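Student: Dropping the structure in here first, questions after.
Every number in this text was worked out from the coordinates using simple rules, so none of it is lab data. Not measured: the values here are computed from a predicted model. Cβ: placed from backbone, ideal geometry, glycine included. Neighbour counts: every protein chain shown.
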Amino acid sequence: MKPQDKNIEDLFRSAFENASLEPPRKEEMWTHIQSAVQKPPVSLWRTKRFRVSSIAASIALLIGLLYYSYQDNAVSSADKKSNESVVSSPSVENQASLDEQALTEKNTLLKKGNENELKTEKNNKVEKKQDFESDGKSDRNDNDIVLKSKSAKSNSNDVLKDEFENESELSALLENIDNPTTPKDEKTLAKTYLEVKEIISIANPKIIVPFALDKQPVLQLVKVAPVVLQTDKDEKAENEWWIGFTGFYNHYTPNITVTSPDLPTSLLKFSTTRNFTDCTNVAKAIRDDIQVSPSISVGIDIGKLVGKNWFFRSGISFTNFRYSFNSPILEKPSASSAQSRAIRYENVTSNTTSQIVIPVQFGYQSFSKSNLLDWFVAGGFTSDILLNNSLTPTYSEVTYDFGTYKSLNISFTGSAGVLYHVTPKFSTLLELNYRRTTSSVYDSPNLTSQPHWIGVGLGARLKF
Amino acid sequence: MQQINHDSEERKLVSACIRNDAKAQRILYEHYYKKMYVVALRYSKTTFEAEDILQEAFIKIFQNIQNFNFDSSLDYWIKRIVVNTALKQNRKILEKMHMEDVAEIHDEPVADTVFATHNFQELLKMIQKLSTGYQVIFNLYAIEGYKHSEIAEMLGISEGTSKSQYARAKAQIQKMLEKEEEKIRINQTA
């Protein structure tokens, strides 16, 4: 027996005592170790409690704003009603003046066919007009403000057209209406001559409201018209909030870029229950051969008009999306098995993600004269809160390492759509939407993914 | 590569790693990665698996270094973590290992043959040819130096099973060594 001969235990122990080898991917391993160890401080948003509290607080804030706005509108309506009651009520307060005026005022009513029936009750007396501006444009001597019946047209200009047989007079008046020169305080004056409900009645002839009579001279229609138009705006402001429901059908693109070397890949691990190896380039499969499934999202949309045509909107929606890729694997025969050759297995891996999306957008909406169809455009950001992400291969012996899917991602979003107003308060909509994340959704040294969605949605809105 | 020579230097290095100092972590990594890579290779079948074990182990080392209180050498502590990580990776296979009752085993006693020295890479290949269960037990007993009672506790098996599995592993290794030595003899005579 030679001195260097040893039993098995001694042989192995001495051979491995100071053994060392250079691993092929030393630097890559170091990068992975560092990224795992040197993680930035966990953001509050990663904690479930903070996420739930934030969402609850946002919903509470939205509800608070809605309630405040509702209260505000209720107060405004109450104020309006009280203003109306302050302005002389035709049937009670002005009865005495009515009698007096009956003798001195000249009441002339124009009748135009069957559509323009006159109110002949005591309260429906026409006041005398008086010029407030001697601009020469509107020196009518006629004392006419005509109260229309229910069947009359709602458009104030059309109301005017009905009243004037003289086209030139009409043109002059219309020009004044389109470019009113009425100073602001004349609006106040107008209100002292006509009750608010009377003004409304001119804009909405469907409402029949008795006129008040008092001693003050009558305003020209041209002076009333801006007030009437203003009333239109007030009515629009009453419906400045909306709540809606929308469902989207999205085309989802994962947009994955593999940043680590293709081979040997850091993306794939095998357990050793079976002798599997990667027989294809999994990085290439992920990059070039992804199969995407259609994505559906459903949600609630809340918005408010800001100014004439601009709006702010937010909401909450649930989105689900999925992609898969096939990266075949090879099982080599083991010494103990009866298998004589390597077997190739198709290995389809699917990645399924579900998230809550909270958008914040500003946009512009048209308000057409027809009040039937309007369009809108909007842009902004979304907060995409991860609910679940799973990567599931066909074979449990295979695991993929894509890194960590971030709990919160921020995306740009843009929308355009068309609204069909079924009633003044209820609309349906068709919307196109584009959304793209601002950064990679994975925290991974091996790949980045900046997905985007293009969606078509149908929905409905209720204004209040 | 910066050498870690003295206890005091080792303490400073550990303290810096506890503070999450990236430079100190790099020094520690550079000092131990090659040696621990071989340890990982002994418990795996491929370089990928070994690298995964090593990577996972170093992450655990840096995340738990504050628990190292110098009651053993740093070398031994790091090696324990690497071995435990390897066992964890192989746990599913170990759980499925067919652990027969020792009473039913009628193993032939293995003669304690002596062998010529071989380099570690040849021996590594032999270890990797063993099935996973044999590989783990052989490593733990023959190379790490654990007792069968300790191995039984670590793997959740009986002491008898550990002895039996080791005996079979040793027999296979012995055959491989004899084959290897036969080849060398033939080459030498040729």
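Student: What does the convex hull of the alpha-carbon atoms of the range B:7-89 project to on average, in nm²?
Tutor: Values: hull surface 20.1 nm².
Quarter of the Cα hull surface area: 5.0 nm².
Student: Kindly provide the trypsin sites (Lys or Arg not before Pro) of the range A:380-464 that DSSP labels as loop, not H, G, I, E or B, and whose Cβ sees at most 14 other Cβ atoms within 10 Å. Please list the in-between numbers first.
Tutor: Values: sites: A:Lys406, A:Lys425, A:Arg435, A:Arg436, A:Arg461, A:Lys463; in loops: A:Lys406, A:Lys425.
Here the trypsin sites (Lys or Arg not before Pro) that fit, given the DSSP loop and packing criteria, are A:Lys425.
Student: Per residue of B:164-177, how many C-beta atoms from partner chains lie within 10 Å of its own C-beta, taken as a mean? Don't skip to the end; give the middle numbers.
Tutor: Numbers: counts 0, 0, 0, 0, 0, 1, 3, 1, 0, 3, 2, 0, 0, 2.
So the per-residue partner count for this stretch is 1.
Student: Within 10 Å of each Cβ of B:41-48, how many other protein chain Cβ atoms are there on average?
Tutor: On the way: counts 4, 3, 0, 1, 4, 5, 5, 10.
Per residue, the number of nearby Cβ atoms from other chains is 4 on average.
Student: Listed highest first by mean packing, meaning other Cβ atoms within 10 Å per residue, what order do A:251-259, B:161-169, A:307-315 come in?
Tutor: Values: A:251-259: 17.1, B:161-169: 21.7, A:307-315: 15.1.
Descending packing order for the listed peptides: B:161-169, A:251-259, A:307-315.
Student: So how long is each side of the range A:240-463 along the principal axes, counting just the alpha-carbon atoms, biggest first, in Å?
Tutor: 82, 29, 24
Student: Enter the mean number of other protein chain beta carbons within 10 Å of the beta carbon of each residue in A:20-28, as an integer.
Tutor: Numbers: counts 9, 12, 3, 12, 5, 5, 7, 0, 2.
Across A:20-28, the average partner-chain Cβ count within 10 Å equals 6.
Student: A follow-up question, please. For the pair B:Arg26 and A:His251, what calculated FRET efficiency results from E = 1/(1 + (r/R0)^6), where r is the Cβ-Cβ distance and R0 = 45 Å, to the nearest 0.05? Don't skip to the end; give the middle numbers.
Tutor: Working: r = 45 Å, r/R0 = 1.01.
The formula returns an efficiency of 0.50 here.
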